[in-house]
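Peer 1: Below is the structure I would like to discuss, written out as structure tokens.
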4 protein chains.
Amino acid sequence: MAKLQKSIDKRNALVNATIKLVNSNGFHETAMSKIAKMANVSPATIYLYFENKQDLVNQTYLEVKTKYTDFVFKNYNEKSSVTNGFEIIWRRIAEFTLNECDYTMFLNQCNNTPIIDEASRMEGIKHLQPLLDLWIRGKEEGTIKSYSDYMLYAYSINPLSFLMIAQKQYNFQLGEKEINEAFQAAWNSIKI
Amino acid sequence: MAKLQKSIDKRNALVNATIKLVNSNGFHETAMSKIAKMANVSPATIYLYFENKQDLVNQTYLEVKTKYTDFVFKNYNEKSSVTNGFEIIWRRIAEFTLNECDYTMFLNQCNNTPIIDEASRMEGIKHLQPLLDLWIRGKEEGTIKSYSDYMLYAYSINPLSFLMIAQKQYNFQLGEKEINEAFQAAWNSIKI
Amino acid sequence: MAKLQKSIDKRNALVNATIKLVNSNGFHETAMSKIAKMANVSPATIYLYFENKQDLVNQTYLEVKTKYTDFVFKNYNEKSSVTNGFEIIWRRIAEFTLNECDYTMFLNQCNNTPIIDEASRMEGIKHLQPLLDLWIRGKEEGTIKSYSDYMLYAYSINPLSFLMIAQKQYNFQLGEKEINEAFQAAWNSIKI
Amino acid sequence: MAKLQKSIDKRNALVNATIKLVNSNGFHETAMSKIAKMANVSPATIYLYFENKQDLVNQTYLEVKTKYTDFVFKNYNEKSSVTNGFEIIWRRIAEFTLNECDYTMFLNQCNNTPIIDEASRMEGIKHLQPLLDLWIRGKEEGTIKSYSDYMLYAYSINPLSFLMIAQKQYNFQLGEKEINEAFQAAWNSIKI
DNA sequence: CATGAATGAGGATTCATTCAT
DNA sequence: TATGAATGAATCCTCATTCAT
């Protein structure tokens, strides 16, 4: 009994094409037929893997977000001190954000426009739970300002997206030195 | 060159409708006919005021950006000290960003997606020239870290957009206290 | 203030094209583009006059049914005796059914398949109210069998559709003589 | 010529699924994949049994028509008198028409719309040959009006389909009494 | 200036049919 | 024989833009 398998490769090709095309053209300028062409499949094939365009983008979003989280907390050890822990996580986030431009831009676009189902986005910054936990510890032991999580995120994490875009779009390079500066700025804004 | 007999009211209505609809539905989900309806004009009338859809959005973007800049630097006096000057400007930006949600969200959407002509967006953060000048002074006199303008902007200004969105979308309130916290975080990240 | 009018001619052309094409190809084989072409308009124009394909067919159905009823009861006088009244109505129905083949076939197709919204069809044979009233009188005075309306309709009216189709499709002509035969058969089946 | 190793069960399942789905959704709303699903086979399997969709429906039509004829003339004895013979056949037709709703509806839909190849339908009412023969005898011996077969059919047989649909769709029940009424009406319309 | 009607080009999606196993 | 995957062609419908008044 030989059954064909829906190929995971095809699915990935579709997801990747979606990311690239949505990044460069925006969601609604990205025709399903173009996604199909870039993934080397027929338009109809997309519908074997995804329910419709919205579903394709939702799943792509969740997938990228998972990649992000997985990368960021891989190797992270909850036993580290708050100071160390923060720097470790921050540098992972920086690495992802600055190197995986496609992923970051895609997440950005999804977070700033109504192209994603409310449901898919709703979690907010919950996916960074270990970081939020670290902040709790930091606040308790007096290392980190007792700000709202949103505030801490806004000043210590979110700026990285802007820097990545600035690097991409304008004449601005992010080398070793700048990343260290960024870390200092981040840490200074939230440390006590 | 047609005389400006065209009603400025109608133009404004169109611009405002564009902002509202693009904010809630995104650029490509916003049909010209809906913009027309919301502005109480015929679709054809739009083309008396704007060349096409792209032009409408571009002009809207530039207009909002101008409103932003005008508001921010109104009353600003270049004679102030770096410390004072920064706080004054920052608080104006905060006021605009947090109160004029429609404008801010629209700018955000334009800055994070390819809905605006490269040309219209190209200026980057040049529109904040007086702030950039202040930063130069600050770096010279040793009050402000000698970071790139993009870095300074990323940590002291950009987070406000995120906070506004967090306030809109999640259960997070920005009162007097939080704004002061935000200012502290901003200042700590860039001050020497 | 010159306003253009949605042209009633265009609407009629669309309705007529629908009838013809649905008759010869069936509902789902009839592409909107073909209807448009036959009516000499752009496909998009259809949507100025009708909400969608379903609406187009529903409205066409109701329009044809109205034409039918109007034709049948024009000149009908409720004062006539049951016998006379029945013959008068019957002959009008026969005239319409046998001459207006397109209309009759269309009604037939709508009545025998699920191409019409339940709502649009729901009235059943209510549109023949004056005939139903006549039958009531006939039953009361003992001229007409006390059968259900459906039964009376099935035997005295409905056969005409079949005859029309037989005439169209097979080698069967309906002249003066045959129509008289049909009337006799109809009357004999329901008279007391 | 492939041996008939193909499962007759599967074929029947396909035919039955076709009948049910076409009845409730119409021909062109009935996707091959849905027929396959209802028959518990793969879409591809259909093409082992039928050339294509049209062939599937054509064969289904002929099969149902055969069931109809077989049922109607089973036990029929050509020796019966015209009067008796007609009643016997009529009652068999009535039984089939009123009980086998799925079959009847399917035949109806095929007869009233262009979903069947002209060729498959062409026989008209030839499949009722024993009845047509009976009518010939009836006309010769002066029991039955010398009408065209189509006329006789239209008034004595065809109304049953309408009654079945009325029963299905509207608030109208066909019990013993009504069936007898129907027979009287039928007979009265064609008897001399 | 202003408009409602009209449209052609294009997009998402479905489906009968074929292919590879 | 039987299948699930794959697809190209076709369909409905939308929309930015233009036209006629």
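Readers should treat all values here as calculations from the given coordinates under stated rules, not as data from a laboratory. Here the structure is a predicted model, which is why all the values come from computation and not from measurement. Because the Cβ atoms are built from the backbone with ideal geometry, glycine has one as well, and the counts that use them run over all protein chains shown.
Peer 1: Quick one: what Rg and Dmax do you get for segment B:16-125 from the alpha carbons, in Å?
Peer 2: Calculated on Cα positions, Rg and Dmax stand at 16.2, 52 Å.
Peer 1: Given springs between every Cα pair under 10 Å in a Gaussian network model of chain A, which of A:172, A:50, A:73 has the largest fluctuation?
Peer 2: Among A:172, A:50, A:73, the largest GNM mean-square fluctuation belongs to A:172.
Peer 1: P(r) of segment D:10-74 in 5 Å steps, Cα pairs, percent per bin?
Peer 2: Pairs per bin, as whole percents: 4, 19, 30, 24, 12, 7, 4, 1.
Peer 1: Taking 8 Å as the Cα distance limit and 6 or more residues as the minimum spacing, I'd like the relative contact order of segment A:1-101 as a percentage.
Peer 2: Relative CO of segment A:1-101 lands at 19 percent.
Peer 1: Let me ask something additional. Compute the distance in nm between two label points, each set 7 Å from the Cα along the Cα-to-Cβ direction, one at residue B:137 and one at residue A:191.
Peer 2: 3.0 nm
Peer 1: A further question follows. First measure r as the distance between the Cβ atoms of residue A:66 and residue A:176, then evaluate 1/(1 + (r/R0)^6) with R0 = 25 Å and state the FRET efficiency to the nearest 0.05.
Peer 2: Efficiency, rounded to the nearest 0.05: 0.30.
Peer 1: Quick one: if you stick a label point 7 Å off each Cα along the C-beta vector at residue C:40 and residue A:9, how many nm between them?
Peer 2: Distance between the two pseudo-spin positions: 5.7 nm.
Peer 1: Seen from all sides and averaged, what is the projected area of the convex hull of the Cα atoms in segment D:112-159, in nm²?
Peer 2: 3.8 nm²
Peer 1: From the Cα trace of chain A, what convex hull volume per residue do you get, rounded to a whole Å³?
Peer 2: It comes to 151 Å³ per residue, whole-number rounded.
Peer 1: If you average 1/r over every pair of different alpha-carbon atoms in segment B:64-140 and take one over that average, what Kirkwood value in Å do you get?
Peer 2: When all Cα pairs of segment B:64-140 are included, the Kirkwood radius is 13.5 Å.
Peer 1: Which whole number of Å³ per residue matches the convex hull of the alpha-carbon atoms in segment D:102-192?
Peer 2: 111 Å³
Peer 1: Another question, then. Name the residue farthest towards the positive end of the dipole of chain C from the options C:18, C:71, C:112, assuming +1 on Cβ of Lys and Arg, -1 on Cβ of Asp and Glu, about the Cα centre.
Peer 2: Working it through, the farthest residue towards the positive pole turns out to be C:18.
Peer 1: To make sure I understand the rule: partners must be lysines, Cα under 22 Å from the Cα of residue C:74, and not fewer than 8 residues away in the same chain. Which ones qualify?
Peer 2: Answer for residue C:74, where 22 Å is the Cα cut-off: C:65, C:126, listed by chain and number.
Peer 1: Give the nm distances, rounded to one decimal, from residue C:16 to the matching residue in every other copy, measuring between label points 7 Å along Cα toward the beta carbon; shortest first.
Peer 2: Reported distances to equivalent positions: 4.9, 4.9, 5.8 nm.
Peer 1: A further question on this structure: Okay, helix-only estimate at 222 nm for chain C: each DSSP H run of n ≥ 4 adds -39500 (n - 2.57), divide by all residues, round to 500 deg cm²/dmol; what do you get?
Peer 2: Numbers: 11 runs with 134 residues, N = 192.
For chain C, the value works out to -22000 deg cm²/dmol.
Peer 1: Report the relative contact order of chain D, percent, no decimals, based on alpha-carbon pairs under 8 angstrom and at least 6 residues apart.
Peer 2: It rounds to 20 percent for chain D.
Peer 1: Sticking with this structure for a sec: Need the list of aspartates and glutamates near residue D:6 for cross-linking: C-alpha distance under 20 angstrom, and skip anything on the same chain fewer than eight residues off.
Peer 2: Excluding near neighbours in sequence, the set is D:51, D:55, D:63.
Peer 1: Assume the label is 7 Å from Cα along Cα to beta carbon: what separations in nm does residue B:79 have to the matching positions in the other copies?
Peer 2: Sorted ascending, the copy-to-copy spacings read 6.3, 10.5, 13.1 nm.
Peer 1: Shifting gears a bit: Kindly provide log₁₀ I(q)/I(0) values, in the same order as q = 0.07, 0.10, 0.11 Å⁻¹, from the Debye equation applied to equal alpha-carbon scatterers of the protein assembly as shown.
Peer 2: So the normalised log intensities work out to -0.74, -1.02, -1.15.
Peer 1: Another question about this same structure. What are the nm distances, shortest first, from residue C:47 to its equivalents in the other copies, labels at 7 Å along Cα→Cβ?
Peer 2: Here the equivalent label points are 1.8, 1.8, 3.3 nm apart from this one.
Peer 1: Based on the Cβ-Cβ distance from residue D:184 to residue C:118, what FRET efficiency comes out when R0 is 25 Å, to the nearest 0.05?
Peer 2: Rounded to the nearest 0.05, the efficiency is 0.15.
Peer 1: For chain C, set up a GNM with springs between Cα atoms under 10 Å and report which of C:166, C:119, C:94 has the largest fluctuation.
Peer 2: Among C:166, C:119, C:94, the largest mean-square fluctuation in the Gaussian network model of chain C belongs to C:119.
Peer 1: Can you tell me the relative contact order of segment B:53-139? Whole percent, Cα pairs under 8 Å, sequence separation 6 or more. Let's see the in-between values first.
Peer 2: Working: 50 pairs, mean separation 35.9, N = 87.
This gives 41 percent for segment B:53-139.
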